[in-house]
Every structure is written in structure tokens, then in C-alpha cells.
Amino acid sequence: MASSATAASSSSEEAVKAAKVLMVGAGGIGCELLKTLALSGFRDIHIIDLDTIEVSNLNRQFLFRQSHVGQSKAHVARDAVLKFRPNINITSYHANVKDAQFNVEFFKQFNVVLNGLDNLDARRHVNRLCLAAEVPLVESGTTGFLGQVTVHVKGKTECYECQPKPVPKSYPVCTITSTPSKFVHCIVWAKELLFAKMFGDKNQDNDLNVRSNESGTSKSDVFERNAGEDLDQYARRIYDHVFGYNIEVALENEETWKNRRRPNPIYIRDTLSEEAIRQNGSSRDSNKEQEEPSAMVSLGLRNPQEIWSLADNSRVFLEALKLFFEKREKEIGNLVFDKDDQLAVEFVTTAANIRASSFGIPLHSLFEAKGVAGNIVHAVATTNAIIAGLIVIEAIKVLHGDYKKYRMTYCLEHPSRKMLLMPIEPFEPNKSCYVCSETPLLLEVNTKTTKLREVIEKIIKNKLGMNLPLVMIGSTLVFEDGEGLEEDEAANYALNIEKVLAELPAPVINGTKLTVEDFQQELSCSINIKHRDEFDEEKEPDGMVLSGWSAPVEKQVTSNGDNQSVASSSGADYADGIGEDISTKPGMKRKLDEILESKENCDASSSAQVVEDDDDDDLVMLDEDPKLAKKKRLQ
């Protein structure tokens, strides 16, 4: 028995030493993982990470120091580990894993791929490359005290996309612009509408009312600063327009407020005296250039966890607006909200609080508002370390090839049957998964009015996650994306994407079959077309409906036991999330307690449900339809 154990140990050690491992992501989990791999005997490790080090990383990404801020995460992590393991080979790439150099052939050289990524799109991309290269993938995620590790092996376990993944919750525009009822609605308004209108791309569509009845405005767009207009006067005019006049306009629609609390218009004269407005920011030291302009520092407010009064919020709002024009005027027109931009967070926090006050919604501190705006659940370094250890354990099992020992392991916040780590057997591949089972999809679309461009952007790229798609109708190639196209080919495809489906060289009508491929991902799928004349604009905003794929579920975050939703942010990747309460929708998510119950491994009071999130160091907890939990586990 002892000799058998010794032989197994020796075999594991040799497998580890001989393995070539790819790590994708060098953030919170990545730092712990690289350290653990090196100390576990792995000798050939490759790391890909696009990001550079930020000050906010330093509290948990322990391989980095203050002097490393601004440098490549992958390169610095490599150098840090080589200092205590100089005899191993670590190759680092400061690059995007979706770059062309990281193709299927690149992935084939590795024995296992370990993910520590920060967005859903990149995770899907790596999943597809691993399937094409037939390389096992170990996925992971943490958020706060919660974490999980899953193993994905082609043909033996489900792939990463066999089950729906959470996406940020979106809110109806009318709720955001007219009838907010939660603080998160005010944050979305301040971030996506007001901040974007004031400091972002002026050519972008925006739902804010830009017209005013004030005789003092000479422009049709009230947000445009008049020639020679004093900055203080401009800031006050913007304040009165968005928090006063626009609310009065909304109140004119009596029908809206029959069953709702009526908001109160707020004008600057109602919150600050003339003297207070004149003195606002006057204590600022004009001779001392701050490295990063801060309205709260200028006004002597030091505690970001304090809930400011309406007056203080108004003061910070005016000061933040003025600082953008005084200190960062060159950036105006190109700014996008960033949770690490102090001045942007101050502007969005105070705008959201003033709006919240108008609608009778409780105010929040800067610290709390930043969490909502940046969708942040603060990371716990210990959870990252635990998950990194579990990743290595599963990687060693993968190297042995004994798939019956693979486990999906969940790190729980509260013990279940005295256990904080809950291992369960992986699931079989989902036979209806279009990624790993090549099941045909069904697209309901009006073929007489919908352009090929809309199908490519809304369905093929957005929903199916293809980067460089090729579209064929029968044997006719109607579109191809990517570099290296002949000039006449590119011109022909440019013409095709502007045509409606029924007018393409090979017409798309009811019953037509599209073949869509992405050579970079080596993914191919078929889409059967069903013509449909009309769609519900609210329920089916794309003007088409795709069936047969794993539709994303609304992302919710559990923090300290409370289910919370997160605000949407168009085009943004989400960091750790926090938000407001929202009831879960049955039939869309995967329920861990049903799985655990079937193993008699969890008591009846357990209510942990875990699904991977799309962020660095995170994971979300969701409810699930018990039907999904009846899938066969891998035997």
C-alpha cells in the first residue's frame, strides 16, 4: 500500500514537472495562482494579461508594489516569482488573449489552461480555443468570501458555455430618465446619461432633455456653454436644469404620478445660499497642484464613508463640474466613466444623490456609491488564495487524466454541514449547447426589413460571441470579417451587409439555413431562419429572436447574505458588483442546493447557489430552476 502511494506521488511529481501550463489573467486570482504553481513544482508556465497595475490592486495582488503601478501585470508577476523560484521557466505576454497570435495552434502546446479572467467575452473565447485545441480548461472566480473552480474537458464535461452565464442587469430607459425608485437607477442616470452628456462623446445619442425655457440660454442644447459664460454661472445653470427644470417637465405628465410618489424639483437656490455658492471651493489652494483633482478635498470633506447632506452633495457637484473644466478641459469630449477616476466618482455620486433626494430615495456615501457605480464587491485575498490552491489541485488531476476524480468546488460564505468547501461532480456536456455540441440555432427575423449588418452585430457578434465571423448561405459566401481580404472582396462584403436579408446574392427567406464560422476560434454553427413580420419593441428590442442558445441571465451579486442586482453600463466591463435587491426569475439559473441535496451533502436549510460572474476575482450567487439540476452528472 505504501509503495503504491509512493508511486502515485512520484507520478504526480513527474507530471507536474513535465507539464506546460497556460495562465490567462494575472490579477487577484492570478497572483496567488502563479505563486502556488511555482511552489507546487510546475516548471514551465506561460501568462497572458492585458492589464497594467493600478493602486487599487495593491491590497490583494501581493506580487505588486507601489513602484510597479503603471507596469504590465504579466511581466511584473513573472519577475516577482522568479526571484524566489529562479530555476523555472515563466513566459509572460502583455497582450490580449483574443489577439491573433494566441490561436488554436498556440493553445495546443499546453497540457492545461487555467483561467483568471475579468470578463465574460474573454472567457468564452478561451473556452472555444480550448475546445478546438482539445486542451482541458480550469475556470475560476471569486467575489468577497465566495468562490468556485470548475473543470471543462471536451467530450467529458460540460464546456464553459453549456449553461447560461450572468450579464449585468439593464433597466428600461423610462425608469432611468423619469421614474427611478432605487438608488441604482440614480447611479445609472448620473453615469450613463449626465456624465456622458457633460464629458463624453458629444455625438453619442443621449436621452437627457437638452432644451430649456429659460430666456438666458442662447443655444438649443442647454448643456453647451455660452460664449463668455462664467464657469460658476454655467455650473449653476446645469444644476437647475437637470435637478429642477427637468423634474418640473416630468411632473407635467399627471398620468405618470397617479400611483407614484411625485418628485420634488430641486434648484440651487433651495439648497445653498448665495454666499455659500460664492464661497464654494474658495479654500482651494490655487498654488498647490493636486496630482488628481478632487472636489471633496477642495471643500475639506475627508470621509468618503460619510453620507453627505443635500447641501454638501450640491457643493461637491458644483466643484467637481468646475474642476473638470479647469483641470481636465482637454479630456472633455472623450471621457468615459471609470471607477478609479476620483473626480468622476465624486461627480456621479453627488448627481445621483441629488436626484435621489428629489425622488425620496435614501442618499448614499461616496464609498457606497462608488461600489454601485463600479459594480464592486470588495475582494478578499484569502478567498483568492483558497481558489488558487483548488485550481492547482484540479490541474494536477487533469494531468493524470483521471476525469472521474474531477470536481467542481464551491467556496461558501457560511458552512453547510460544517463544510465551507463543497465539491460536486462535473456535469456531462449539454447536448443542446451550440458551442460544444454543434446544435442548430433558430433565428426568427423579418427577412424583408432586417439588414445583414443587424444580424451580424446583434446576433453573431453580440450573442454568439464571434470575433471574426464568416457567413455562408448554402455555398455562397456573403460576408467575411478580418484582415487579408482582397480589395474587391472587402468592397463586396461592405455592400452585402447593408442589404436586407431577402435581397442578398443568395436570398434569405423562411427556411434558409445560415452557416456561421469563426476561424480564429475554430467554431462553426448553423442558424435556421424563420421569417416573422412583427416583434414587440419592449420585449424583443433587437427586432429578432434567437432560440437554442444559452441566453444570459441577469447578474446578481450576493454580499454578506443579501442578493443584489447591478446597474448596466453600456459597453463596459464589470468589476466586482454590488447593487440593490431584486427578485430572481425562476427557470433561468443553476441551483447548487438542488445538486447538493441529491448527494445528501447539504442540510435542508442551505441556500447557496453559485454561478460564475464575468469579472476578475469574482463569482455570483443565483437561484435556479430545479429542472436544470436534474442533468446527469459525469459518471
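Can you confirm whether V55 is open to solvent by 10 Å² or more (accessible area, probe 1.4 Å), more than 19 Å from V16 (Cα to Cα) and among the β-branched types (V, I, T)?
Numbers: open to solvent by 10 Å² or more (accessible area, probe 1.4 Å): yes; more than 19 Å from V16 (Cα to Cα): yes; among the β-branched types (V, I, T): yes.
It is true that V55 is open to solvent by 10 Å² or more (accessible area, probe 1.4 Å), more than 19 Å from V16 (Cα to Cα) and among the β-branched types (V, I, T).
Quick grid of which residues meet (1) among the small types (G, A, S); (2) farther than 23 Å from S273 by Cβ; (3) in the same structural domain as I266 (by the TED database); (4) open to solvent by less than 10 Å² (accessible area, probe 1.4 Å):
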{"site": "I307", "(1), (2), (3), (4)": "no, no, yes, no"}
{"site": "S314", "(1), (2), (3), (4)": "yes, no, yes, yes"}
{"site": "F317", "(1), (2), (3), (4)": "no, no, yes, yes"}
{"site": "K322", "(1), (2), (3), (4)": "no, no, yes, no"}
{"site": "E329", "(1), (2), (3), (4)": "no, yes, yes, no"}
{"site": "N334", "(1), (2), (3), (4)": "no, yes, yes, no"}
{"site": "D340", "(1), (2), (3), (4)": "no, yes, yes, no"}
{"site": "E346", "(1), (2), (3), (4)": "no, no, yes, yes"}
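Do the conditions hold for G228, that is, is it open to solvent by 10 Å² or more (accessible area, probe 1.4 Å), at pLDDT below 80 and closer than 22 Å to I268 by Cβ?
So G228 fails the test.
Are any residues in region 525-544 open to solvent by less than 50 Å² (accessible area, probe 1.4 Å) and within 29 Å of the chain's Cα centre (by Cα), and if so, which ones?
C525, S526, I527, F535, E540, D542, G543, M544 - these are the residues of region 525-544 that are open to solvent by less than 50 Å² (accessible area, probe 1.4 Å) and within 29 Å of the chain's Cα centre (by Cα).
Tally time: how many residues in region 315-337 are part of a loop (DSSP other than H, G, I, E, B) and of a type in the set (V, I, T)?
So the count comes out to 2.
With touching a helix residue (DSSP H, G or I) at 6+ places or on another chain (Cβ under 7 Å) and either modelled with pLDDT under 90 or not aliphatic (A, V, I, L, M) (or both) as the only criterion, which of Q521, Q556, Q564 stands out? Full working, then the answer.
On the way: Q556 fails: touching a helix residue (DSSP H, G or I) at 6+ places or on another chain (Cβ under 7 Å); Q564 fails: touching a helix residue (DSSP H, G or I) at 6+ places or on another chain (Cβ under 7 Å).
Residue meeting the stated conditions: Q521.
Would you check which residues across region 386-406 are open to solvent by less than 30 Å² (accessible area, probe 1.4 Å) and in a loop (DSSP other than H, G, I, E, B) and list them?
Y406
Would you check if V508 is open to solvent by less than 50 Å² (accessible area, probe 1.4 Å), more than 25 Å from L120 (Cα to Cα) and modelled with pLDDT of 90 or more? Working first, answer last.
Working: open to solvent by less than 50 Å² (accessible area, probe 1.4 Å): yes; more than 25 Å from L120 (Cα to Cα): yes; modelled with pLDDT of 90 or more: yes.
Judged against the criteria, V508 is a match.
Please report, ordered by residue number, the strands (runs of 3 or more DSSP E) entirely within region 48-166 with at least 1 residues that are under 21 Å from S432 (Cα atoms). Write out each step before concluding.
Values: elements: 89-93, 112-115, 137-143, 146-152.
In region 48-166, 137-143, 146-152 are the strands (runs of 3 or more DSSP E) which contain 1 or more residues that are under 21 Å from S432 (Cα atoms).
Quick check on my filter: what residues within region 14-47 are part of a loop (DSSP other than H, G, I, E, B) and open to solvent by 10 Å² or more (accessible area, probe 1.4 Å)? Explain how you work it out, then say what you get.
At the first step, the residues of region 14-47 found to be part of a loop (DSSP other than H, G, I, E, B) are 19, 25-27, 40-43.
Listed by number, the residues that qualify are S40, G41, R43.
Being touching a residue at least 60 places away in the same chain (Cβ under 8 Å) and open to solvent by less than 30 Å² (accessible area, probe 1.4 Å): is that true of V380 here?
Details: touching a residue at least 60 places away in the same chain (Cβ under 8 Å): yes; open to solvent by less than 30 Å² (accessible area, probe 1.4 Å): no.
In short, no.
Hey, can you tell me all the residues within region 76-99 that are open to solvent by 50 Å² or more (accessible area, probe 1.4 Å) and more than 24 Å from the chain's Cα centre (by Cα)?
The answer is R78, D79, K83, F84, R85, P86, N87, N89.
Can you confirm whether E489 is surrounded by 14 or more Cβ atoms within 10 Å (Cβ to Cβ) and either in a helix (DSSP H, G or I) or modelled with pLDDT of 90 or more (or both)?
It is false that E489 is surrounded by 14 or more Cβ atoms within 10 Å (Cβ to Cβ) and either in a helix (DSSP H, G or I) or modelled with pLDDT of 90 or more (or both).
Scan region 338-385 for residues that are part of a helix (DSSP H, G or I), among the aliphatic types (A, V, I, L, M), under 23 Å from P265 (Cβ atoms) and more than 19 Å from the chain's Cα centre (by Cα) and jot them down.
Taking region 338-385 as the starting set, the residues that turn out to be part of a helix (DSSP H, G or I) are 342-358, 366-373, 381-385.
Next cut, among the aliphatic types (A, V, I, L, M) only: 343-345, 348, 351-352, 354, 356, 366, 369, 372-373, 381, 385.
The next check asks that each one be under 23 Å from P265 (Cβ atoms); those that pass are 348, 351-352, 354, 356, 369.
Matches in region 338-385: V348, A351, A352, I354, A356.
Would you say R123 is open to solvent by less than 40 Å² (accessible area, probe 1.4 Å), within 22 Å of G374 (Cβ to Cβ) and either under 24 Å from the mean Cα position of the chain (by Cα) or of a type in the set (S, T, Y) (or both)? Before you say what the answer is, go through the steps one by one.
Numbers: open to solvent by less than 40 Å² (accessible area, probe 1.4 Å): yes; within 22 Å of G374 (Cβ to Cβ): yes; either under 24 Å from the mean Cα position of the chain (by Cα) or of a type in the set (S, T, Y) (or both): yes.
The answer is yes for R123.
Which residue pairs have Cβ atoms closer than 7 Å, lie 6 or more positions apart in sequence or on different chains, and pair a first residue in region 87-108 that is basic (K, R) with a second residue that is open to solvent by less than 50 Å² (accessible area, probe 1.4 Å)?
What qualifies is K98/A122; K98/H125; K98/N467; K108/A133; K108/V135.
The values are calculated or read from the model by the stated rules, or taken from the named source; none is laboratory data. Quantities reported herein were computed from a predicted structural model and do not represent experimental measurements. Every residue, glycine among them, receives a Cβ derived from its backbone with ideal geometry; neighbour counts consider all protein chains shown. Ligands, DNA and RNA are excluded from the accessible area calculation, which covers all protein heavy atoms including side chains. Shrake-Rupley method; radii C 1.70, N 1.55, O 1.52, S 1.80 Å.
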